[in-house]
Structures are given as C-alpha cells and as structure tokens.
Amino acid sequence: MVSEIFIRYETTTGLEKTARFRADETTINLDLKDIAFVDLLPIIWCEKLEYLCLRNNSLSEIDLSPLEKCGKQLKSVRLNHNRLQELDLNPLSSCPGLEELNLENNRLKRVDLSPLFQCANLKELVIDKDVGLTADLLLRSVGSWPEVLVERYHRILWKSDSIF
C-alpha cells in the first residue's frame, strides 16, 4: 500500500489549504494555487520525486531543506513567477541529478550559486539578468562545472569566507 503525504499551504487571502499526493509521486505540482506560504517538509517521504513545481504563486520565501532528504532523483525545481526575495540553494547540493532550476520573475537581488556546483547534470538555470550571482572563491579552481555555470562565469562575484 502506497502512503500519502499532505502539503499544507496558505493562500494570499489567508486560507489554509492542503494538497494530497502519493508518496511515490515523481511530480509535485503546486502551480497557480495563490500560495503565500508552503510547508514542504512532507516531501521528505517522496524518494522518487523528480519534479517540484511551484510556479505562478505569491511565495516571498521558501524552505527547500526537505530536498536534502528526497532529492536523489530530483531533476527539476521550478519557482518562477513568485515574489521570492531571498533563496537558500544549499539543499540543492544534495540533488546530484538536478537538470533544471527556474527562478525567473521573482524579486531576487542576489543568489549564491555555490551549491549548484555539486549538480553536475545541471543544464538549465533560468534567472533574471539583473540578479547578482555569487559563489565561493574556492569553487573557482574546481575542475568540472556544469556548463550552465561556465556560461555565467563572467557574472559571478567570487567571494571568500576567509577573514584577514
């Protein structure tokens, strides 16, 4: 018997809603739900998850940490057309098969791409041109980068966490 998960979210009008998915789903699609806040914790049980879609909502923040548990098969994360102002991509470093990340049309000012250097299969990174890109200086000397990051090399502000 396949178990189910329940993802709770709140709309922009304050309504609390729940979306039900099978734990063996490969796609979680929460597009166009007027979501202002979502709790993704239940997806830790979705070991076969390949696609996470939260497009065209009103998210100003999102916690991607549950992807650390379920992201082994993850291929695509689509967060475009939201109101995201900040985004921690660290959980995506646990998603070696990630091929696509879409962050277009948000309110992001700066994004640290460092975790994406662990995603060797990354082929598509869609992000607005005015968003500042940063990465850890130590990654500059890493040999194999996803091609999509090589293309953005000139836009990346390399930062060092060292204190002099």
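So, Ser60, is that one under 21 Å from Ile127 (Cα atoms), of a type in the set (Ser, Thr, Tyr) and either outside any loop (DSSP other than H, G, I, E, B) or modelled with pLDDT under 95 (or both) or not? Spelling it out, it is not the case that Ser60 is under 21 Å from Ile127 (Cα atoms), of a type in the set (Ser, Thr, Tyr) and either outside any loop (DSSP other than H, G, I, E, B) or modelled with pLDDT under 95 (or both).
Which one of these is over 30 Å from Leu157 (Cβ atoms) and at pLDDT 95 or above: Pro91, Pro42? Show your work before the answer.
Values: Pro91 fails: over 30 Å from Leu157 (Cβ atoms).
Unique residue meeting the criteria: Pro42.
When segment 106-125 is filtered for residues that are surrounded by 14 or more Cβ atoms within 10 Å (Cβ to Cβ) and within 19 Å of Ile62 (Cα to Cα), the ones remaining, listed by number, are Asn106, Leu108, Val111, Asp112, Leu113, Ser114, Pro115, Leu116, Leu125.
Out of the residues in segment 9-29 that are among the charged types (D, E, K, R) and touching a residue at least 12 places away in the same chain (Cβ under 8 Å), which is nearest to Val77 (Cα to Cα)? First the steps, then the outcome.
So the first thing to find is which residues in segment 9-29 are among the charged types (D, E, K, R), and the list is 10, 16-17, 20, 22, 24-25.
Add one more test, that the residue is touching a residue at least 12 places away in the same chain (Cβ under 8 Å), and what stays is 10, 17, 20, 22, 24-25.
Working: Glu10: 20, Lys17: 22, Arg20: 19, Arg22: 19, Asp24: 17, Glu25: 15 Å.
Residue satisfying both the conditions and the ranking: Glu25.
Hey, does segment 42-54 have a residue that's β-branched (Val, Ile, Thr), buried (at least 19 other Cβ atoms within 10 Å of the Cβ), touching a strand residue (DSSP E or B) at 6+ places or on another chain (Cβ under 6 Å) and touching a residue at least 12 places away in the same chain (Cβ under 8 Å)? Lay out the reasoning, then the answer.
Narrowing segment 42-54 to residues β-branched (Val, Ile, Thr): 43-44.
Subsequent filtering for residues that are buried (at least 19 other Cβ atoms within 10 Å of the Cβ) retains 43.
If we keep only those that are touching a strand residue (DSSP E or B) at 6+ places or on another chain (Cβ under 6 Å) as well, we get none.
No, segment 42-54 contains no residue that is β-branched (Val, Ile, Thr), buried (at least 19 other Cβ atoms within 10 Å of the Cβ), touching a strand residue (DSSP E or B) at 6+ places or on another chain (Cβ under 6 Å) and touching a residue at least 12 places away in the same chain (Cβ under 8 Å).
Filtering Asp136, Asp128 for residues that are touching an Asp or Glu at 6+ places or on another chain (Cβ under 9 Å) and farther than 22 Å from Ser94 by Cα leaves a single hit, Asp128. Every condition in (1) assigned to a loop (DSSP other than H, G, I, E, B); (2) out of contact with any Gly (no Cβ under 6 Å at 6 or more places or on another chain) holds for His154 except the one numbered (1).
The values are calculated or read from the model by the stated rules, or taken from the named source; none is laboratory data. Not measured: the values here are computed from a predicted model. Neighbour counts are summed over all protein chains in view; Cβ atoms, including those assigned to glycine, are modelled from backbone coordinates with ideal geometry.
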